Amino acid sequence: MQVELKPLLLKGVIKEVTEVGVRIGVNGRMGVLSLPLRLIYTDKPLAVGEECEFYLSYVNVI
């Protein structure tokens, strides 16, 4: 199946910060992302309640 993947810019709020990762609640009741800290790019310390944005696309199974 040949489909052009177009990432969408989504926003969310940090719900939890741990030693190994963060949980982000995606705006619009779209769910929760759990990400390791190595995937978060920022110069300031992470805190609960901060807004963030990220790109999301469909998963392409090959």
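Descriptive notes on the structure:
- Summed over the residues of the chain and divided among them, the accessible surface reaches 91 Å² per residue at a probe radius of 1.4 Å.
- For the stretch 14-62, the alpha-carbon radius of gyration amounts to 1.23 times the rule-of-thumb value 2.2 N^0.38 Å expected for a compact globular protein.
- Surface composition of the chain: carbon plus sulfur atoms hold 56% of the accessible area, using a 1.4 angstrom probe and ignoring ligands, DNA and RNA.
- Working from Cα pairs under 8 Å separated by at least six residues, relative contact order for the chain is 41 percent.
The values are calculated or read from the model by the stated rules, or taken from the named source; none is laboratory data. Here the structure is a predicted model, which is why all the values come from computation and not from measurement. Side chains included, ligands, DNA and RNA excluded: accessible areas come from the protein's heavy atoms. Shrake-Rupley method; radii C 1.70, N 1.55, O 1.52, S 1.80 Å.
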